[in-house]
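Take a look at the structure set out below.
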Amino acid sequence: MTYLIASDISIGFSLYHAQTRSLKKALLGKVSSRFATDEKNRLSVQALKNISFSLKAGDRLGLVGANGSGKTTLLRTLSGIYQPTKGSLSIEGKVISLLDPEQGMNTDLTGRENIWLRGYYLGLSKAQIVRLEQDIEEFTDIGHFMDMPVRSYSSGMVIRLAFGMATSLPPDIVLMDEWILAGDANFMGKARKRVEGMVAGADILVLASHSPSIMLEWTNRLIWLDNGEIRADGPPMDVFASYLPKEDFEALAAGHVVG
Ligand SMILES: Nc1ncnc2c1ncn2[C@@H]1O[C@H](COP(=O)(O)OP(=O)(O)OP(=O)(O)O)[C@@H](O)[C@H]1O
């Protein structure tokens, strides 16, 4: 049984490069400031504060909020990149995260070597890795670059490879940031089909995006993050009614694309 439960999660980052007295004073003095000092009197920013929700099979959660509201930090926490400073996370199911294009890749190695490394890491047999390699090679369509170091790739090629690798094995839980929607139009058609297939087969989706139309298409529940806290949680149109400017909400309700 797949589930994901976040219980009272908070995350603070120490800001090692912002320790001058005047800057501290300016940032700490603000009302409802997200800045605080840690136990060593270092300035820290509260990226997430008391986040709780639970997801079960069939849930498609969207994260919305202004720049810096904590969406990426929450996705990274759910994927295990960040440890919560407070609270806990309980997850059952195989998680695939499409968060940073280069995540988990060694850019000094070739695309092919990265695929084999990933295969070994996942405990696959040689025959399984060969199939994985063929699938990814065909999908990414980057030709001889497959045998060049990843650091020599264009950003579009890195996205293709990362995307191919991340979507090649069926997950229970998919964590996605909106970079997945960037890329050349030609590739996007192919990529979208693949991601749709992957999400359709998964039990749970968590997606962060700034596009209301994408959220309506992909999700059945929204959490609005505001300054690292949950401001609203509910069906997408209910949350959009308070989150979006009136004219955008009306356009969305009328079925127009709102990017
Ligand atoms: N590694 C880090 N070190 C210090 N502060 C960080 C770090 N990561 C995030 N933050 C801070 O945490 C807060 C939340 O950032 P986050 O990137 O999660 O927001 P976001 O909602 O994803 O924004 P955007 O829509 O711009 O991508 C911001 O104030 C940001 O500056």
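Odds and ends about this structure:
- Heavy-atom surface of the chain, accessible at 1.4 Å and reported per residue (Å²): 51 Å²
- DSSP-defined beta bridges in the chain - what % are antiparallel, rounded to 5: 60 percent
- Put a dot 7 Å past the Cα of L109, heading toward its Cβ, do the same for R192, and the two dots end up 3.3 nm apart.
- Taking each of K49/K246; K49/K94; K56/K126; K56/K94; K56/K190; K94/K193 in turn, the alpha-carbon distance tops 23 angstrom for K49/K246; K49/K94; K56/K126; K56/K190.
- Modelled spin labels at A241 and H256, positioned 7 Å past Cα toward Cβ, are 2.1 nm from each other.
- Heavy-atom surface analysis with a 1.4 Å probe gives the range 132-259 a carbon and sulfur content of 52 percent of its accessible area.
- Translational diffusion of the range 101-259, estimated by Stokes-Einstein from the Kirkwood radius over alpha carbon pairs at 25 °C in a medium of 0.890 mPa s, is 140 µm² per second.
- Helix 111-121 vs. the chain, principal-axis angle (Cα, 0 to 90°, nearest 10): 70 degrees
- Potential extension, R42-F13 segment - 0.36 nm per residue separation minus Cα distance: 9.5 nm
- Tail fraction, Cα-Cα pairs, the range 111-202, threshold 22 Å, whole percent: 26 percent
The values are calculated or read from the model by the stated rules, or taken from the named source; none is laboratory data. Just so it is clear, the model here is predicted, and its values are computed rather than measured. Backbone-built Cβ (ideal geometry, glycine too); neighbour counts: all protein chains shown. With ligands, DNA and RNA removed, areas are computed over all heavy atoms of the protein, side chains included. Shrake-Rupley method; radii C 1.70, N 1.55, O 1.52, S 1.80 Å.
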